[in-house]
Each structure stands twice: as C-alpha cells, then as structure tokens.
1. Over the alpha-carbon set of region 31-132, work out the extent along each principal axis and list the three values in angstrom, largest first.
2. Take every Cα pair under 8 Å in region 125-246 that's 6+ residues apart, average their separations, divide by the length, and report that relative contact order as a whole percent.
3. Using the eigenvalues of the Cα gyration tensor, what equivalent ellipsoid semi-axes result for region 199-349 when each is taken as the square root of five times the eigenvalue, whole Å, largest first?
4. Treating only the Cβ atoms of Lys and Arg (+1) and Asp and Glu (-1) as charged, compute the dipole magnitude of the chain about its Cα centre; round to the nearest 20 debye.
5. If the viscosity is 1.567 mPa s and the temperature 4 °C, what Stokes-Einstein diffusion coefficient in µm²/s follows for the chain when Rh is the Kirkwood radius over Cα pairs?
6. Carbon-plus-sulfur fraction of the accessible area of the chain, 1.4 Å probe, in percent?
7. Dipole of region 314-367 (Lys/Arg Cβ +1, Asp/Glu Cβ -1, origin at the Cα centre): which of Gln325, Ala340, Met350 lies farthest to the positive side?
8. Tell me, Kirkwood radius of region 157-199 from alpha-carbon pair distances, in Å?
Amino acid sequence: MVDGIAVLRLKPWEERTKKQQQLTDELRPKLMSIPGALAFPVNPPSLGQPFRSTPIEYVIMSQVPYPELQRIVDRFLDQARKYPRVQNLQTDLRLNTPEVRVTIRRDKLSDMGINVDTVGRTLETMLGGRQVTRFKKDGEQYDVIVQVAPVDRSTPADISDAYVRVRDSGMVQLSNLVDVREGVSPQSLNHFNRLRAVKVTGTLAPGYAIGDALTAMDDAAKRALPPTAQTDLDGQSREFRSSGGEIYFTFVLALLFIYLVLSAQFESFGNPFVIMLSVPLSMTGALFTLWLAGGTLNIYSQVGLVTLVGLITKHGILIVEFSNQLRAKGEELIDAVVDAATLRLRPILMTTGAMVLGAVPLALATGAGAESRIQIGWVIVGGMTFGTMLTLFVVPTAYTLLAHRRKLPAAAALPAAEVTQPHAGPAD
C-alpha cells in the first residue's frame, strides 16, 4: 500500500460561495468511488495539530504479538464501521513489509564446532558489508569494505549459497546450517504508553461532532475488544476530551470564585446563594438557544458559558441588595421584595438589552471564521434573554423563602439618613 497526500488551497472566502466543509462533503463520495484506492478529503485542524491529523485518533494497545493485534483491530473495525457517525477508518499497522527470516540450526553448529557469532558475522559481511581496513593513495584515504556483489545477493536463495569456515579450517555451505523463510512484518513497530499499539484514524460523518464519534468508538471497543486490550486517544480526539474535562473544572472554579466574592460583599452565605440561582436558569436558556441555532458544545460555546456566569449574576445582585436596603429602612419582607423587583426592573432590562444587542452581531456574523463568533454570540443572546426573564421571578421568590429562616445581616442595616427613597428612575 502506497500513502500519498495532496494539499489543495481554496480561493479566498469572498471569491467563493461554498464553505470548506461543503466542498469536503461533495468531494468525499467522488474520491471514495475511485477503484483500487482509499481516498478521502480531510480538513486541516485549526488548533495547532499536525496537518495530517484527523478528527478521530483512537489507540488500541496490547502486549500480544503484532499479527494477533492485527486480528483484534480488524474485529474492532468491523464493529466500528456499523456506526454512521465515523467514516474512512484506517489503521497505521500494515503487515506488508517483506522480510527474510533466518533460523540457525544450533545442533548442526555444535556438531561442526561453529559459533553462532561466526554465522552472524558472515551474514553481516557478505550481505550488509563490513569495513576491514583503510588505505591511502595520492593523499586520500579510502575505506575497504568487504561485501558480496549486488548480483549475488539479490534473492533470499543467495543466503544459502554463502560459506562459513568450520573448526578444521574447511568451508561449509550455509544451507546446511540455517533455514531461510520469506514472510512479512509491520512497516513500523508502533508503541503507545510503552505498549504495542495500533492507531485507528477516521473522519466525521456530516452532521456529527467529535464527541458523537468517540462515543461510537468506545461502544465498539466494549463490544469487540478482549479484556487484555486497552484504549486511549491521541491528537484532536485527546485534545477534545481533555479540554472538555478542563472546562468543567474552570466552570466550577468560576462559580466558586463568584460565590466567595459575593459572600464577602454581603457578609452572608444566604444572599449569594439566592443570586447564584440565576446561573442555572441562564445556562438552560443558552443551551436551548444553541440547540435551536444548530450549534454544538465546543470550545467557543464553553467560553461563552463561562462569560455568562459573570454577566447574569448582576441581575440578582441588583434585586437582593436593594431588598436588603429597603428592609433595613423598616419595610416588611414582601413589600421590600416587591418594591425592589419593581424599581430594579428598568436597570435590569437596560443592562440585558445592552448585552443582548451587543452580542447579536456575533450571533449573525458571516465570513471567514464566523463559526466561532456565532457560537459565543448565541450563548450570550439566549442565556441573557431567558435568564433575565426567569430571574425576575425566581430570585424574588427564593429571597422571600430564605429570608423567613434568617435574620438580616448587620452590614445590611444602613442608617436611615443613608437609605435613599425609592424612585422610578434607573439605579446602578
């Protein structure tokens, strides 16, 4: 099997009407229909991976010999090809490299008094060549290499025609001492995590993401691989799964950091909890909007979700802080919550409108690289819109329920002269 790669440069974005992914989808069936060849187009990765890297890089590891490992991988491929999420699956293990295996008959060597290293050095000298001396002529130094002429070492049968010296200074033909067999071996002995490994690569079917493909590969591994085999990821697949775990940690860290800051500001652990209730509400709206827009949960949308945590909590702060001020003035709990939600409605809507309208150009972006901006834009638009609508009802309700079980923090009790009269105008 001969590998080859061709790089095609597309016209600039403004000079063509089709996206790179659309061109790839159109070329794939045409290339796959070429008889006697396995050809398929691959979009180059965009996050620093090698040019030939494919979206799916699934590693199968085991300690069994490579021929047995090949049979294990073949069973895995038969199972994985049943899933429509992955295409163009192939492996880097190819047992097609010709080799000649020489087996020494040690009993014959012992009878004739020949050492094993003598046979090895003879084969090395006759076939591979060995430098025996140097000589100088006209001020130049030359190496003297002993080796059989190419015409006498072109076939495996020529190995048996060589002679080796025996104990009594005689010569014996190697055909009496060794067995020569032809076979095949892997092009390269690949390892991963110090284990014999085979890397299965593939591309994504239209309409599917890397997460969908890896789920299918994991399911195929459970069905086809023996207990002695292990699996791992490499390339883009490894980056995807590792970044997914890191973003969850980052998200939790952002929530914890904001909660601690709010706890220090209000000198209470209850008020920040009420404020943080707006976060899951906005996340629900963001993911729902992202699904309606046909987006996926990728690195760009995840950045938008983390940004949304800080944006949406401002609404809860406005309601809770003003409710505390009104209660410190002497108003009843229900009246304070209703007045705070009413008087803070205008600044909340103004803040939301500014953020949403500012993100609309991102959500409706066009041109080269617009896919990344669209993901962030729709997350902010959906999260702020739905989160604000739900926050106006959930935060006052939660504040009312929790306030019955706790007293107003001392820090919230402001002197009467410092409490401003409620008014209908905007407030920060």
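1. Principal-axis extents of region 31-132 (Cα, largest first): 64, 33, 32 Å.
2. Once normalised by length, the contact order is 11 percent.
3. Taking √(5λ) for each eigenvalue gives 46, 17, 12 Å, largest first.
4. 340 debye
5. D, rounded to a whole number, is 45 µm²/s.
6. Values: 14530 of 25070 Å².
Looking at the chain in its full context, I get 58 percent from C and S.
7. Projecting each Cα onto the dipole axis, the largest value belongs to Met350.
8. 13.8 Å
The values are calculated or read from the model by the stated rules, or taken from the named source; none is laboratory data. Quick caveat, the model's predicted, so the values are computed rather than measured. Using ideal geometry, Cβ is built from the backbone for each residue, glycine included, and neighbour counts are taken over all protein chains shown. These accessible areas exclude ligands, DNA and RNA; they are computed on the full protein's heavy atoms, side chains included. Shrake-Rupley method; radii C 1.70, N 1.55, O 1.52, S 1.80 Å.
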